[in-house]
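The next block holds one structure in the form of structure tokens; read it before the comments.
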Amino acid sequence: METDPREQLAQFDPDVYRALVGEEERQRRGIELIPSENYTYPEVLAALGSVFTNKYAEGYPGRRYYGGQEFTDAVENLARDRARALFRAEHANVQPLSGSPMNQAVYLGLLEPGDTVLAMDLSHGGHLTHGAPVSHMGRIFRFVRYKTDPGAAGAIDFDELRHAARDTRPRLVLCGYTSYPRDYDYAEFRRIADEVGALAMADVSHVGGLIAGGVMQNPFDAGFDVVTTTVHKTLRGPRAGMILCRKDLASEIDKSVFPGLQGGPHMNTIAATAITLKKAAQPSFRAYASQVLRNAKELARALMAEGATLVTGGTDNHMIVVDTVSSFGLDGREAERVLDEVSITTNKQVIPDDPRPPLRPSGIRIGTPAATTRGMCEEDMGLLAGWITRALRAGSDETTLRQIRDEVEAHCAHFAVP
């Protein structure tokens, strides 16, 4: 009789096995509120641990550098076809290993070193790959940053953005975010890009699932040239990236991914991506995406009712950014630690023009995809808001924190982790 793989792992490497079991227990016991994290499907986990892990497949379907590609070609073609259909794109590349190389491949494929990119300021919601000075891309390309207006609920001043575009003449106008709780006016971004002869790119990594589920806008409907998204956030898939683009940009994009930036693709991940995209095309996923959005709006409302200050005064997507310094007198690192103690997982987060350093910022970031995956709905969001604000006000009161943790874990026991 074949030994169960988990039993084999437990016998061979008990240290890793204990960490695996501990992580499973941590995920079950508490609630995950980091907006970039989710619980993936059992079918995705099966594909990630499959024999596709064993196979090298450098190149693209029909044009590989190794033999034995009948089934790798089949799963990659499935993933590409499903991505194009789901996002109404002309071309899809599903080989990027994650979000950072995904965006790097676009820059390196469509731009020349020194070209200007107009992108969102990091403290206002932009991502590290959108031109942070510490990133390699920030050294290769010239990034000019636009900001939001915190006094106008995080709105973007398009007159100012247009002025910046005319002054700097970017080759690429990039809209995308990692901590911006609003939707974008893609049509206005497209108009500004057209005025200065720039390409229009959207990094929708955070909201890719909400776009696929039909509850948020699709940049392709506004005529965007390139859209990138990770697969593991609101899409609930494996840790991977996808580049979607116009057909006439396909060759440059594909060459930039391979052989320009990466070697052999991770075929187990591409198989898992194909499964994820089939899941996202189901009516049940549309219902899920809608619930994620309703939960976020209700959690935002309940947090504000409890006295929390949100940097945009609400949310249009799955995430919320709380100014914990002004609300509770705690910096983001301390707020994250306190919430960890009550089995609520969040992440420290800078706020617009944050005077504090990134590792001790002024806020935390909260999201609803994982809680929604476990079956939580609006009434649960009210409870979460109460526990979050009670814990942050309790600070170092261990008795109160233990009581809150017990309440959180007792509630989570009613919601299974996939």
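The values are calculated or read from the model by the stated rules, or taken from the named source; none is laboratory data. As the structure is a computational prediction, the values presented were derived from the model and not from experiment. Note: ideal-geometry Cβ built from the backbone for every residue, glycine included; neighbour counts use all protein chains shown.
Annotations
- Any hit, segment 219-229, residues being crowded, with 20+ Cβ neighbours inside 10 Å, more than 20 Å from ARG246 (Cα to Cα) and touching a helix residue (DSSP H, G or I) at 6+ places or on another chain (Cβ under 9 Å): no
- Of the set (1) at positive phi; (2) free of Cβ contacts under 8 Å to residues at least 60 places away in the same chain; (3) of a type outside the set (D, E, K, R), all apply to ALA153 but (2).
- Total residues in segment 97-113 satisfying the condition of being more than 17 Å from HIS127 (Cα to Cα) and either touching a Phe, Trp or Tyr at 6+ places or on another chain (Cβ under 8 Å) or of a type in the set (D, E, K, R) (or both): the figure is 3.
- Tally, over segment 112-145, of residues that are touching a residue at least 40 places away in the same chain (Cβ under 8 Å), hydrophobic (A, V, I, L, M, F, W, C) and under 21 Å from VAL196 (Cβ atoms): 4
- Residue match in segment 100-115 (condition: of a type in the set (Gly, Ala, Ser), in contact with a Ser or Thr (Cβ under 7 Å, 6 or more places away or on another chain), modelled with pLDDT under 95 and closer than 17 Å to VAL204 by Cβ): yes
- Of all residues in segment 1-56 being surrounded by 11 or more Cβ atoms within 10 Å (Cβ to Cβ) and among the polar types (S, T, N, Q), the one that is nearest to the chain's Cα centre (by Cα): SER36
Listed here are the residues, each with its yes/no results for (1) closer than 23 Å to LEU128 by Cα; (2) assigned to a helix (DSSP H, G or I).
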residue: ASN317; (1), (2): yes, no
residue: ILE320; (1), (2): yes, no
residue: SER326; (1), (2): no, yes
residue: LEU330; (1), (2): no, no
residue: ALA335; (1), (2): yes, yes
residue: LEU339; (1), (2): no, yes
residue: LYS348; (1), (2): yes, no
residue: ILE351; (1), (2): yes, no
residue: PRO357; (1), (2): yes, no
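- Residue within segment 297-306 that is farther than 25 Å from PRO150 by Cβ and either among the polar types (S, T, N, Q) or in a helix (DSSP H, G or I) (or both) present: no
- Helices (runs of 4 or more DSSP H) fully within segment 137-216 counting 3 or more residues that are farther than 30 Å from THR373 by Cα and touching a helix residue (DSSP H, G or I) at 6+ places or on another chain (Cβ under 9 Å): 158-168, 186-195
- Test for LEU392: is it in a loop (DSSP other than H, G, I, E, B), under 15 Å from ASN347 (Cβ atoms), in contact (Cβ under 8 Å) with a residue 12 or more places away in the chain and not aromatic (Phe, Trp, Tyr): no
- Filter result for ARG64 (assigned by TED's automatic domain parsing to the domain that holds ILE270 and within 20 Å of the chain's Cα centre (by Cα)): no
- Listed conditions (1) of a type outside the set (A, V, I, L, M); (2) surrounded by 22 or more Cβ atoms within 10 Å (Cβ to Cβ); (3) closer than 24 Å to SER284 by Cα; (4) touching a Lys or Arg at 6+ places or on another chain (Cβ under 7 Å) are all met by GLY332, apart from (3).
- ALA187 meets all of the listed conditions (1) within 24 Å of THR312 (Cβ to Cβ); (2) of a type in the set (A, V, I, L, M, F, W, C); (3) over 14 Å from the mean Cα position of the chain (by Cα); (4) surrounded by 19 or more Cβ atoms within 10 Å (Cβ to Cβ) but one, namely (4).
- For segment 309-328, a residue qualifies if it is in contact (Cβ under 8 Å) with a residue 40 or more places away in the chain and over 25 Å from ARG26 (Cβ atoms), and the qualifying residues are LEU310, VAL311, THR312, GLY313, GLY314, THR315, ASP316, ASN317, ASP323, SER327.
- Top-ranked residue of segment 292-313 - restricted to ones that are within 19 Å of the chain's Cα centre (by Cα) and surrounded by fewer than 21 Cβ atoms within 10 Å (Cβ to Cβ), ranked as farthest from GLY154 (Cα to Cα): ARG294
- Of residues in segment 194-218 being surrounded by fewer than 24 Cβ atoms within 10 Å (Cβ to Cβ) and β-branched (Val, Ile, Thr), the one nearest to ARG169 (Cα to Cα): VAL196
- Test set (1) over 25 Å from GLY209 (Cβ atoms); (2) assigned by TED's automatic domain parsing to the domain that holds PHE258 - GLU25 fails condition number: (2)
- Residues satisfying the stated conditions in segment 90-147, i.e. within 21 Å of the chain's Cα centre (by Cα) and among the acidic types (Asp, Glu): ASP121
- Number of the exception - GLU341 against (1) surrounded by fewer than 21 Cβ atoms within 10 Å (Cβ to Cβ); (2) out of contact with any Gly (no Cβ under 6 Å at 6 or more places or on another chain); (3) closer than 19 Å to GLU378 by Cα; (4) of a type outside the set (Val, Ile, Thr): (3)
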